[in-house]
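Since the structure comes first, as structure tokens, the remarks are kept for the end.
The values are calculated or read from the model by the stated rules, or taken from the named source; none is laboratory data. As the structure is a computational prediction, the values presented were derived from the model and not from experiment. Note: ideal-geometry Cβ built from the backbone for every residue, glycine included; neighbour counts use all protein chains shown.
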Amino acid sequence: MGEENLARDQKKTARLKAWLVFVDESGFLMAPVVRRGWRPRNSPSVLLQRTRSHKKVSAIAALCVPPTRSGVRLTFRLHPDKNIDSPRIIAFLQHLERHLSGPIVLLWDGLNAHRSLLTRAFLADHPRIHVFRFPAYAPELNPVEYLWANLKLNPLANLALMEVHTLADATRRAGRSVQHRPGLLRSFVAHSPLSLRLT
């Protein structure tokens, strides 16, 4: 995308008075991210987990910046033990369209499901959504990546669970908690190298 393209896209967003929406997908595994923590001396931490489990909770999320650039909203959907495919992406985009009035400038990566014939056909029929793609191998540009890192390294770290639906419940609670922390949501955008100024 490059700096010039980013600046041009932001000008288009301002001209359209559009929502700026960052979208990304991730997965939460049964094996947790292990972090150092506090324990009484001579009492080591023990994490019991189901080994060789390939189950996961797939997630899709959007950080939505309104045309006024005042604040950031988070919306997300979880899909226990399923992959994010084109129909699920389309359902998520339909959800965004229902809840965001006016034009939407959507920024996401080059995931195959984003470029599929089904997704492209949907976008062609929905002119409110203007799509731009991040450059390859530049996940740091997408603020949603910082959301994933926050969830996996903070509330869900060291959380060893035995069932995928229990993991989905824990992930949903963690995501909803972040939804109610406007300062944290703003920090995800602020940490991105994008030159986006929030009011």
| remark: Quick count over region 89-104, residues being surrounded by fewer than 17 Cβ atoms within 10 Å (Cβ to Cβ) and either of a type in the set (Asp, Glu) or in contact with a strand residue (DSSP E or B) (Cβ under 6 Å, 6 or more places away or on another chain) (or both), is 1
| request: Could you grab me the full set of residues in region 121-138 that are farther than 16 Å from Ile84 by Cβ and in a helix (DSSP H, G or I)? | output: Ala121, Leu123, Ala124
| request: Please find, among Gly27, Gly37, the residue that is more than 19 Å from Asp81 (Cβ to Cβ) and either modelled with pLDDT of 95 or more or in contact with a Ser or Thr (Cβ under 8 Å, 6 or more places away or on another chain) (or both). | output: Gly37
| task | Return yes when Leu107 is surrounded by 13 or more Cβ atoms within 10 Å (Cβ to Cβ) and under 13 Å from Val21 (Cβ atoms) and no when it is not. | result | yes
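Among what's in region 69-120 and is of a type in the set (Gly, Ala, Ser) and in a helix (DSSP H, G or I), pick the residue that is nearest to Glu140 (Cα to Cα).
Across region 69-120, the extreme among qualifying residues is Ala113.
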| remark: Exception for Ile129 within (1) at pLDDT below 95; (2) closer than 23 Å to Leu198 by Cβ; (3) of a type outside the set (Asp, Glu) falls at (1)
